[in-house]
1. Take the alpha carbon gyration tensor of the stretch 29-83, find the square roots of its eigenvalues, order them as a ≥ b ≥ c, and report rounded if a/c is under 1.5; if not, report prolate when a/b exceeds b/c, else oblate.
2. Connecting C-alpha atoms closer than 10 Å in a GNM of the chain, tell me which of 135, 177, 48 has the biggest fluctuation.
3. Please express the Cα-Cα pair-distance distribution P(r) of the stretch 1-50 as a list of whole percents, one per 10 Å bin, running from 0 to the bin with the greatest distance.
4. Could you list 114, 184 in order of exposure, starting from the residue whose Cβ has the fewest other Cβ atoms within 10 Å?
5. Could you work out which residue, out of 123, 68, 22, moves most in a Gaussian network model of the chain, that is, has the largest mean-square fluctuation with Cα springs under 10 Å?
6. In whole percent, what relative contact order does the chain give with Cα contacts below 8 Å and a gap of six or more residues?
7. Go ahead and set up a Gaussian network model of the chain, Cα springs under 10 Å, then flag whichever of 30, 108, 140 fluctuates most.
8. Which angle between 0 and 90 degrees, to the nearest 10, do you get for helix 128-149 versus the longest principal axis of the chain when only C-alpha atoms count?
């Protein structure tokens, strides 16, 4: 009797193969043939689940965004339920924002893949819709952090928007620096830099 293959599980295995390739060799190597080899499948088997490389890469980009957003969603209640200005709240915010950063192996792979796809979306239009969704969802989370931390100085929404962009830039910079210089930009250094930035916002 032929073995029944769970389609969603097989698609997830193929996506994990895409992630491994990008993390080691970059997005350019993530062709259907290379992905099939990495997943231990025939190219025809990959095509059974994804019509072509554009569909595979678009699905993989969405998958890494979803993985990051699931972790962020799990960390949000602790921030919302703690009192701003307390050590508990700052810890909750650091934990939440740490989900963006390559602080362990899983998050390092996700950050590497996420950054690769975001960069590729500049020149691969088929990735643009997922890139836009990624930015909107991340910006929404960062906006919640800023709203909780920043006191209105009279400029209202303009001030909050500027601080949100400053925090986004800090996260992107930390993420890239940690991926490129992991010996220097360690998890502790990322934590310290982010903590210093959050304290400046609260001040």
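Since every read-out is calculated from the coordinates, none of them should be taken as a lab result. Everything numeric here is computed off the predicted structure, so don't read it as measured data. Here Cβ is always computed from backbone atoms with ideal geometry, including for glycine, and neighbour counts include all displayed protein chains.
1. Cα axes put the stretch 29-83 in the prolate bin.
2. Comparing 135, 177, 48 in a Gaussian network model of the chain, the most mobile one is 48.
3. 27, 53, 16, 3
4. Working: 114 23, 184 9.
Listing 114, 184 from fewest to most nearby Cβ atoms yields 184, 114.
5. 123
6. For the chain, the relative contact order is 19 percent.
7. 140
8. The two axes meet at around 20 degrees.
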